[in-house]
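Undergrad: My questions will all concern the structure given below.
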Amino acid sequence: MKVKQIIGWYGVTAIIVAFALLNFSVLGTDSLAYQLLNITGSISIIIEALSKKDYQPVALNIAWLLVASYGLWKILF
C-alpha cells in the first residue's frame, strides 16, 4: 500500500471514530480529541484526494477542516 493511501485511510478512520465517539457520548464537541481527529482526518483525506485529482472530496474536506478548526479555536480561545 502506498503512503498516500495509508494517509487517506487514516483520515477516513479518524473522522469515523470521531463521529462514533460523539454519538456514543464518549467525546463532546468541546473535546480537544474530537476536534483534532476531525482536523487531522480531513487534512489526510485532502492529501490523498489531491494526489488522485479527485476534487469533490477535497472540497468537502476543506469545509470539514474549516468547521473543525473553528471548533478548535473555540476550545482554545
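The values are calculated or read from the model by the stated rules, or taken from the named source; none is laboratory data. No experiment lies behind these values; they were computed from the predicted model shown. Backbone-built Cβ (ideal geometry, glycine too); neighbour counts: all protein chains shown. When the accessible area is computed, the model is the full protein with side chains, heavy atoms only, and any ligands, DNA or RNA have been set aside. Shrake-Rupley method; radii C 1.70, N 1.55, O 1.52, S 1.80 Å.
Undergrad: Any chance you could count how many residues in segment 13-31 are open to solvent by 60 Å² or more (accessible area, probe 1.4 Å) and assigned to a loop (DSSP other than H, G, I, E, B)?
TA: So the answer is 5.
Undergrad: Can you name the number of the only condition in (1) open to solvent by 60 Å² or more (accessible area, probe 1.4 Å); (2) in contact with a Lys or Arg (Cβ under 7 Å, 6 or more places away or on another chain) that Glu48 fails?
TA: Going through the list (1) open to solvent by 60 Å² or more (accessible area, probe 1.4 Å); (2) in contact with a Lys or Arg (Cβ under 7 Å, 6 or more places away or on another chain), Glu48 breaks only (1).
Undergrad: Also: From Tyr10, Tyr70, Tyr34, which residue is hydroxyl-bearing (Ser, Thr, Tyr), surrounded by fewer than 12 Cβ atoms within 10 Å (Cβ to Cβ) and assigned to a helix (DSSP H, G or I)?
TA: It is Tyr70.
Undergrad: Give me the pairs, please: first residue somewhere in segment 17-37 and more than 15 Å from Trp64 (Cα to Cα), second residue anywhere and among the hydroxyl-bearing types (Ser, Thr, Tyr) and open to solvent by 50 Å² or more (accessible area, probe 1.4 Å), beta-carbon distance under 9 Å, and either six or more positions apart or on two chains.
TA: Leu22/Thr29
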